[in-house]
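First comes the structure, then the notes that go with it.
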Amino acid sequence: MTALPLDVDLPWLRPAQDSFNAALTSGRLGHALLLQVSPGQGGQWLALWIAARLFCRKVDPLRQQPCGICLDCRRVMSGEQPDLLRVQPIEDSKEIRVDQVRELSAELALTSHAGGRKVAIVSPAERLNRNAANALLKTLEEPSGSALLLLVTGEPSRLPATVRSRCTRLRPGPTSDDRFVSWLQAQRPGSSAADWHAALGVLGSQPLAALDTDIAALGGLRRDTERALEDAMRGTLDVVETADRWGKDDYALRVACVELWLIDRLRDWGHGKRGASSKTLFEALDHAREARQWAESPVNKPLAIERVLWRLATAQGAAARRPGS
Ligand SMILES: [Zn+2]
């Protein structure tokens, strides 16, 4: 994802920024903050903003914002700030491991390069495996001097309660797709609200992901997916070929489009427009939701897609017209 500049305004994060500033100026800043921000809504960015707010030497005194252009701010953004440590799942491994946390704790115990604070960002924090979370707990129980730990997570309930209870929570203000769409339109003047709503529908309520997406291409992908699903219902879709293609490219987006389409069909069904039986649709939706959970696992993705498509293709009437039969 493209890194957003420090001076961008994410209105839903402003309450979190304000409480951070209030805690900092009144000397009530603890040793660990839990940034409870859903994926694609700027949790990473907020962590960097906080780090820059601490390292920047030209903080705007009125707005309490990092300047965004001094050497310290630039180093935060480029990952070259020596007193800013970052822990994330190592490539391919989906979890943050205990040795990473031990290394972090050892680093935090050392004196900072610039003689000021050390800041560590752990993100996404729910990826800490059990041993790693236990190791982190020790660091939280015996914090070293001026270190500040920032845990970024959209799913705080997946962190042990013992870890959560030692952190001060920073929450965003109210979020809604309408709010995100207004923001997105302001970022891309002239863009259409309907396109952004559709994009957020497919991507989930993730404005930053939407901003990074080619929404025309995404719209095309959605229409292509819907055509294929209608073909599946008619029994004219080459299920195996389609599943193979979707399993390789844009898997998560295809699955999201499938889910949205099925939910729409169920809504139609509820309004009396009877096509496929609701049982077929519900079962296909179950398969699609399962397929979504496999988006980040090495499970056979074409197979997961195939299950959904076969469920539709073998619905009443379609089975007899399956290609090749
Ligand atoms: Zn600065």
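Please verify whether VAL8 is surrounded by fewer than 18 Cβ atoms within 10 Å (Cβ to Cβ) and among the hydrophobic types (A, V, I, L, M, F, W, C), treating the condition exactly as stated. Yes: the conditions hold for VAL8.
ALA291 meets the stated requirement of being under 27 Å from the mean Cα position of the chain (by Cα) and within 30 Å of ASP178 (Cα to Cα). Of the residues making up the stretch 238-271, those that are more than 20 Å from SER297 (Cα to Cα) and outside any helix (DSSP H, G or I) are ASP238, HIS271. Which condition from (1) farther than 21 Å from LEU200 by Cβ; (2) more than 16 Å from the ligand (Cβ to nearest atom); (3) not in a helix (DSSP H, G or I) is the one that ASP18 breaks? ASP18 satisfies all of (1) farther than 21 Å from LEU200 by Cβ; (2) more than 16 Å from the ligand (Cβ to nearest atom); (3) not in a helix (DSSP H, G or I) except (3).
Out of all the residues in the stretch 101-108, is one or more within 13 Å of the ligand (Cβ to nearest atom), crowded, with 20+ Cβ neighbours inside 10 Å, in a helix (DSSP H, G or I) and assigned by TED's automatic domain parsing to the domain that holds GLN17? Scanning the stretch 101-108, I find no residue that is within 13 Å of the ligand (Cβ to nearest atom), crowded, with 20+ Cβ neighbours inside 10 Å, in a helix (DSSP H, G or I) and assigned by TED's automatic domain parsing to the domain that holds GLN17, so the answer is no. Just for the stretch 21-58: of the residues that are within 16 Å of the ligand (Cβ to nearest atom) and surrounded by fewer than 18 Cβ atoms within 10 Å (Cβ to Cβ), which one is nearest to the chain's Cα centre (by Cα)? For the stretch 21-58, the residue satisfying everything is ASN21.
For GLN185, the conditions (1) loosely packed, with under 14 Cβ neighbours inside 10 Å; (2) not in a loop (DSSP other than H, G, I, E, B) are fulfilled apart from (1). Within the stretch 59-100, being within 9 Å of the ligand (Cβ to nearest atom), surrounded by 18 or more Cβ atoms within 10 Å (Cβ to Cβ) and assigned to a loop (DSSP other than H, G, I, E, B) holds for VAL59, PRO66, GLY68.
The values are calculated or read from the model by the stated rules, or taken from the named source; none is laboratory data. Since we're looking at a predicted model, the values are computed, not measured. Here Cβ is always computed from backbone atoms with ideal geometry, including for glycine, and neighbour counts include all displayed protein chains.
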